[in-house]
Ligand code: ABU
């Protein structure tokens, strides 16, 4: 039976309101059963049901029409959306730097959607303003900043952009009003393994992507401080102004941690802003066992840290922190009088929106705060130690097998990078002609097969001179040693010919 049109007249009549309540109850039940509970059952559900784009265009009625569709049809469409979407909450989705469904994080997401706030003024978002104040302050303490400021950004790339923006403003405050025309050529230093957002942000802010100087890394993917100094001297000798270093704590592919102490020394010597992109590795700060990897981060001028990565909050939850009070507001405020009136009846310093470059902004803090409350700091610590332990198990297991080869014998983060050596290449001298070309083709083929079967998702990539290799990311503490055994067996099974 078809139940009424999908109209949006929530307030019109009790009858219509009843229809909406019925719809939302059924929708919530569908989401819980099909998108949440079912995917937790690793053996009876698939990570994805692959369809070619042409087929998928036919399978889902994407067209929007003049006439409304019924609520029953909407539920069918939602079911289709769930069916053909990748189940990133499935324990066998280890493709990206995010995964899993945290029940408290999900409740926070849903509560945020239900309340539909925009966190720019205290009057519109009183609870979330104070919640952000608390969570950002706690995160600053964990980083080791004794004072400062911060904000929730729409993703790690934008948080790195805030780093560029604040660094430039701190050195050249007139840039805010006069733009770039009176400035020297500005240069940002970042390692060759740094996240690609640094080039994007350099382009977006008018610096130019060519003015990101690439600093060499060592064999483990960590920035080489000697080369950093050489690049700074090169920029200066060219008459350019190297004003910022973007160090990385947990590179995207290898999971390398740049040596922050040495980099901070060079930043002090050459008067450069130090931004640490800890989007991925920041979660390690929670753990006494692993925080030494970010030694010196308290000396950074600013930090990116994404709780949606290693701390497994739902997408998106990205934070920008700085130890400098005031720089965010001074750099970004536009003082719109229709929103940030100074003659309000409450403390207008709580109208935090003006330090952001966004106007409307979702309360990403809520899901993370709810998770933190539910687990306690001790639960977050346990999560971090569990995922590092699982990565260690994966590393040891791969090391013990002749048909796999690790890229790094001892990964620094929970990225485990490796090649599968198919039977046709086993026993072949890796230095022999054509070996790397053949190996380069192995991971894409296995990836295609796993996608078509839907059994798991793990990504691959080349890096610098290295042929394609798999990167298994352990980021969910729901990933067990048995899951890791499964990943390894499955890759070997799919690549056996
Ligand atoms: N910063 C986005 C990371 C993408 C990935 O998971 O590889």
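Read-outs: derived from the displayed coordinates by stated rules, not from any lab. Because the structure is predicted, anything quoted here is derived from the model rather than measured. Positions of Cβ are generated from backbone atoms using ideal geometry, with glycine treated the same way; all protein chains shown enter the neighbour counts.
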Cα extents of region 118-264 along the three principal axes, largest first, in whole Å?
-> 51, 40, 26
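Quick one, what does Rg over Rh come out to for region 345-497 if you take C-alpha atoms and the Kirkwood Rh? Don't skip to the answer; put the middle values down first.
On the way: Rg = 21.2 Å, Rh = 18.4 Å.
Across region 345-497, the Cα-based Rg/Rh ratio is 1.15.
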What nm value, rounded to one decimal, do you get for the distance between residue 373 and residue 52 when each label is placed 7 Å out toward the C-beta?
-> 5.0 nm
Compute the separation of the alpha-carbon centres of region 137-214 and region 24-98 and state it in Å as a whole number.
-> 38 Å
Counting only the backbone N, which residues of region 132-149 are under 19 Å from the spot 7 Å out from the Cα of residue 339 toward its beta-carbon?
-> 132-133
Compute the distribution of all C-alpha to C-alpha distances in region 310-432, in bins of 5 Å from 0, and list the percent of pairs in each, rounded to whole numbers.
-> 2, 8, 12, 11, 11, 11, 9, 9, 8, 6, 6, 4, 2, 2, 1, 0
When the convex hull of the C-alpha atoms of the chain is computed, what volume per residue in Å³ does it have?
-> 186 Å³
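If R0 is 56 Å, what FRET efficiency do you get for residue 84 and residue 347 from their C-beta distance, rounded to 0.05?
On the way: r = 49 Å, r/R0 = 0.87.
After rounding to 0.05, the efficiency reads 0.70.
Based on DSSP, what percent of beta bridges with both residues in the chain are antiparallel, to the nearest 5? List each step's numbers first, then the result.
Working: 23 of 41 bridges.
Taking every DSSP beta bridge within the chain, about 55 percent pair in antiparallel fashion.
What does the convex hull of the Cα atoms come to per residue for region 257-337, in Å³?
106 Å³
Starting with the highest mean, order 228-234, 421-427, 133-139 by the number of other Cβ atoms within 10 Å, averaged over the residues of each peptide.
Details: 228-234: 18.0, 421-427: 13.6, 133-139: 16.3.
For the peptides 228-234, 421-427, 133-139, the packing ranking is 228-234, 133-139, 421-427.
Can you order the peptides 443-452, 157-166 by their average number of other Cβ atoms within 10 Å per residue, highest first?
Numbers: 443-452: 17.1, 157-166: 24.9.
Put in order of decreasing packing, that is 157-166, 443-452.
In nm, what is the difference between 0.36 nm times the number of residues separating residue 288 and residue 432 and their Cα-Cα distance?
Numbers: separation 144, 0.36 × 144 = 51.84 nm, distance 4.46 nm.
That works out to 47.4 nm of additional length.
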Between residue 226 and residue 171, what is the label-to-label distance in nm when each label sits 7 Å out along the Cα-to-Cβ direction?
-> 2.5 nm
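Extension gain residue 72-residue 210, at 0.36 nm per residue separation less the Cα-Cα distance, in nm?
On the way: separation 138, 0.36 × 138 = 49.68 nm, distance 5.36 nm.
Fully extending the segment from residue 72 to residue 210 adds 44.3 nm.
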For the residue 271, residue 182 Cβ pair and Förster radius 30 Å, calculated FRET efficiency rounded to 0.05 is 0.95
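Based on the alpha-carbon set only, what is the convex hull volume of region 118-363 divided per residue, in Å³? Could the numbers behind the result be given before it?
Details: hull volume 29.3 nm³, N = 246.
Cα-based convex hull of region 118-363, divided per residue, equals 119 Å³.
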Value at 222 nm in deg cm²/dmol, rounded to 500, when DSSP H runs of n ≥ 4 in the chain each add -39,500 (n - 2.57) | -12500 deg cm²/dmol
Per-selection Kirkwood Rh - region 161-236 (Cα, Å, 1 d.p.) = 13.1 Å
